[in-house]
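Enquirer: Here it is: the structure, laid out below.
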Amino acid sequence: MASLPLFPVTMVGSWPRTPALLRAQKQKRINKLSVDEFERLADAAIADLIRVQHELGIDIITDGEQRRDNFYSFVAEKLDGVRLMTLAEMLDIVEDKAGFEQILQTLDVPAYSLSNPTCVGRISRRRPLAVDELRFLKRTSDRPVKIPLPGPYLLTRAMFVAEVTRQAYPTKEALAEDVVAILRAEVADLIAEGVDFIQLDEPVLTEVAFNPGKTRTFMCASLAARGDPSEELEFARTLINQVVEGMSGPVFGVHVCRGNWSQNESILLEGNYQPLASCFHQLKIDQLVLEYATRRAGDLLHFPGKSLGLGVVNPRTPEVESVDAIVACVKKALTMYAPRELYLNPDCGFGTFSNSPVNQSDIAIAKMKAIVTASRRLRAEYEMEQS
Amino acid sequence: MNEQYLSQVRVLSHENAKEASVAVRRQCFSVGQAIEFDSEAPLASALEYVLGALGADIVTGFKRLADRRGVAVDEVEALITGRLNNPLVYLGVVGEKGNPGLEHVSVKVFVSTFAPADTIEEVWQEVLRRSPLVCTFRRAVTLELNWKAAF
């Protein structure tokens, strides 16, 4: 990657889709729109979003996950042995119907609108997961680019639905072996295509750490039975390290958050990163992309040897954080991290689930603009100090 | 009374006081007790069946009437929430006042369609006008009815 300035700004991933793109996504799902036509519309939406990022001065560009239904379900289109099942279909087969009902009511969406990539046979890559996304980004932007991928623990937890998966894999550990192999192949392809930053999304880690035995928080984690928290974290750490083992070139990040599907902060998870610290320390990655813009995330912790993608704005609120507040947040982090170790980003995406984004694009733009302005101010101060 | 307008089911008790069997035409199904407080209970309660019946009336009616008008609707889903006046009366808690009946029922219907909103609104109004259970509930409880488009 070309050398980055201090305090580089990037998004975590998703961006609200336009009504036209949402409509096209739905039409594609019910075979009323061809894949090629959908891709043409998605290309146009992404080109617009890239232009916005260029104008704002964002340093590492993403495509806003515009081609995806959400941050992990899209793999169903790319993998054999995986079927995208709506929650409406899954309600018939999963045991914890009440847990699903709670999530549906909080999201205020129907069961037919949420989909899960469910393992229904031996899995293999029919085509790459995100290489097409990367190629378009590289064609359209000359800046460094980030590709978010669902992490191996998330994918395993989401895809293993015992009632239908056991015919192919007796345990989630057996499924995880193939998930890791698929992600390693994907990472190798992305590196070959010149990706600058690969972010593995593992939001479910917080539920493991903060919520053992309590209400399910992530739809994607509602399926596989949860084990002992320390064993689960060990399992997750092993899988993530297996994916990145021996890989080099891009920055490898892992993104963890406490839920990004409701604007009601009181129902999202709460707690600092201490219960995850041991797991984080042992991850063989370059960066932790963490939320810190809400009190729910607790006090900042230092993870030596890793840079920090510092969450400085809440993607779910209508109020735009002030530049002063963002600068203050970064200065606090600078008591633990060197300037070169800090990247600035929102806590999470602005449109994690395409049909229920947590914010509107005009507010998302204003928030990203505030981050960029803060970054410029910090850059001026600390570049001078470092020179 | 016009006999062709009658609906009839036969309901049998079990040794287990928490279950009843309902025989209707060529089918039979089991129903739990009136109200269920145990989240692990194996049967849906009588109250949940009533709410489910109202929802089934609405979603099937919506699909049927939309089809009849040539309006393409991919999915219809209803969330029905009933609020009892005082379930503690049902439990026999000493000193509790009021009645254990339904007081308020809200119905939220999600519709997946590319049809214009005013077309869907026309279908919706026809559903409400022609639904046997909506018309019944309206006379008995406060009934709140809404629909929204959702992909």
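For (1) assigned to a helix (DSSP H, G or I); (2) over 14 Å from the mean Cα position of the chain (by Cα); (3) surrounded by 13 or more Cβ atoms within 10 Å (Cβ to Cβ); (4) not assigned by TED's automatic domain parsing to the domain that holds B:Glu75, each residue gets a yes or a no:
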{"residue": "B:Phe110", "(1), (2), (3), (4)": "no, yes, yes, no"}
{"residue": "B:Ala115", "(1), (2), (3), (4)": "no, yes, yes, no"}
{"residue": "B:Thr119", "(1), (2), (3), (4)": "yes, yes, yes, no"}
{"residue": "B:Trp124", "(1), (2), (3), (4)": "yes, yes, yes, no"}
{"residue": "B:Leu128", "(1), (2), (3), (4)": "yes, no, yes, no"}
{"residue": "B:Cys135", "(1), (2), (3), (4)": "yes, no, yes, no"}
{"residue": "B:Arg138", "(1), (2), (3), (4)": "yes, no, yes, no"}
{"residue": "B:Leu145", "(1), (2), (3), (4)": "no, no, yes, no"}
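Enquirer: Report every pair of residues separated by at least 6 positions or lying on different chains whose Cβ atoms are under 8 Å apart, first residue within the range B:54-80 and farther than 21 Å from A:Lys32 by Cβ and within 14 Å of another protein chain (Cβ to nearest Cβ), second modelled with pLDDT under 95 and part of a helix (DSSP H, G or I).
Expert: Close Cβ pairs satisfying both conditions: B:Leu79/A:Leu104; B:Leu79/A:Gln105.
Enquirer: Being in contact with a strand residue (DSSP E or B) (Cβ under 8 Å, 6 or more places away or on another chain), within 12 Å of another protein chain (Cβ to nearest Cβ), β-branched (Val, Ile, Thr) and assigned to a strand (DSSP E or B) is the requirement here; does B:Val105 meet it?
Expert: Taking the combined requirement at face value, the residue does not satisfy it.
Enquirer: Tell me, please, whether a residue that is β-branched (Val, Ile, Thr), in a helix (DSSP H, G or I) and touching an Asp or Glu at 6+ places or on another chain (Cβ under 8 Å) can be found in the range B:82-96.
Expert: Among the residues of the range B:82-96, at least one is β-branched (Val, Ile, Thr), in a helix (DSSP H, G or I) and touching an Asp or Glu at 6+ places or on another chain (Cβ under 8 Å), which makes the answer yes.
Enquirer: In addition: Tell me the residue from B:Glu19, B:Glu36, B:Glu96, B:Glu103 that is surrounded by 13 or more Cβ atoms within 10 Å (Cβ to Cβ), acidic (Asp, Glu), under 26 Å from A:Ala98 (Cα atoms) and in the same structural domain as B:Val141 (by TED's automatic domain parsing), please.
Expert: Only one candidate passes the filter, namely B:Glu103.
Enquirer: Out of all the residues in the range A:104-150, which are within 14 Å of chain B (Cβ to nearest Cβ), under 20 Å from the mean Cα position of the chain (by Cα) and buried (at least 21 other Cβ atoms within 10 Å of the Cβ)?
Expert: A:Ser113, A:Leu114, A:Ser115
Enquirer: (1) within 14 Å of chain B (Cβ to nearest Cβ); (2) out of contact with any strand residue (DSSP E or B) (no Cβ under 6 Å at 6 or more places or on another chain): which one isn't true of A:Thr86, the others all being true?
Expert: Going through (1) within 14 Å of chain B (Cβ to nearest Cβ); (2) out of contact with any strand residue (DSSP E or B) (no Cβ under 6 Å at 6 or more places or on another chain) one by one, A:Thr86 breaks only (2).
Enquirer: Here's another thing I want to ask about it. Can you pull out the residues in the range A:280-297 that are in a loop (DSSP other than H, G, I, E, B) and not polar (S, T, N, Q)?
Expert: Listed by number, the residues that qualify are A:Leu283, A:Lys284, A:Ile285, A:Asp286, A:Glu291, A:Tyr292, A:Ala293.
Enquirer: Could you list all residues from the range A:354-387 that are within 14 Å of chain B (Cβ to nearest Cβ) and either of a type in the set (Asp, Glu) or out of contact with any helix residue (DSSP H, G or I) (no Cβ under 7 Å at 6 or more places or on another chain) (or both)?
Expert: Residue satisfying the conditions is A:Pro357 alone.
Enquirer: I'd like to check something: does the range A:358-365 contain any residue that is outside any strand (DSSP E or B), within 22 Å of A:Phe197 (Cβ to Cβ) and either touching an Asp or Glu at 6+ places or on another chain (Cβ under 6 Å) or touching a residue at least 24 places away in the same chain (Cβ under 8 Å) (or both)?
Expert: yes
Enquirer: I've got another one for you. Which residue is farthest from the other protein chains (Cβ to nearest Cβ), if the candidates are limited to the range A:2-56 and must be free of Cβ contacts under 8 Å to residues at least 40 places away in the same chain and touching a Lys or Arg at 6+ places or on another chain (Cβ under 6 Å)?
Expert: Ranking the qualifying residues of the range A:2-56, first place goes to A:Ala42.
Enquirer: Would you pick out the residues in the range A:253-264 that are under 19 Å from the mean Cα position of the chain (by Cα) and either assigned to a helix (DSSP H, G or I) or of a type outside the set (A, V, I, L, M, F, W, C) (or both)?
Expert: A:Gly253, A:His255, A:Arg258, A:Gly259, A:Asn260, A:Ser262, A:Gln263
Enquirer: So which of A:Asn355, A:Asn345 ends up being within 30 Å of A:Asn116 (Cβ to Cβ), assigned to a loop (DSSP other than H, G, I, E, B) and touching a residue at least 40 places away in the same chain (Cβ under 8 Å)?
Expert: The unique qualifying residue is A:Asn355.
Enquirer: Out of the range A:36-73, which residues are modelled with pLDDT under 95 and hydrophobic (A, V, I, L, M, F, W, C)?
Expert: Of everything in the range A:36-73, just one residue is modelled with pLDDT under 95 and hydrophobic (A, V, I, L, M, F, W, C), namely A:Phe71.
Enquirer: How many residues does the range B:46-78 contain that are touching a helix residue (DSSP H, G or I) at 6+ places or on another chain (Cβ under 8 Å) and either in a loop (DSSP other than H, G, I, E, B) or surrounded by 17 or more Cβ atoms within 10 Å (Cβ to Cβ) (or both)?
Expert: So the answer is 14.
Enquirer: So A:Glu101 passes all but one of these: (1) away from every other protein chain (no Cβ under 14 Å); (2) in a helix (DSSP H, G or I); (3) not hydroxyl-bearing (Ser, Thr, Tyr). Which condition number does it fail?
Expert: With respect to (1) away from every other protein chain (no Cβ under 14 Å); (2) in a helix (DSSP H, G or I); (3) not hydroxyl-bearing (Ser, Thr, Tyr), A:Glu101 is out only on (1).
The values are calculated or read from the model by the stated rules, or taken from the named source; none is laboratory data. All values derive from a computational prediction rather than experimental measurement. For neighbour counting, all protein chains shown are included, and Cβ atoms are generated from backbone atoms with ideal geometry for every residue, glycine included.
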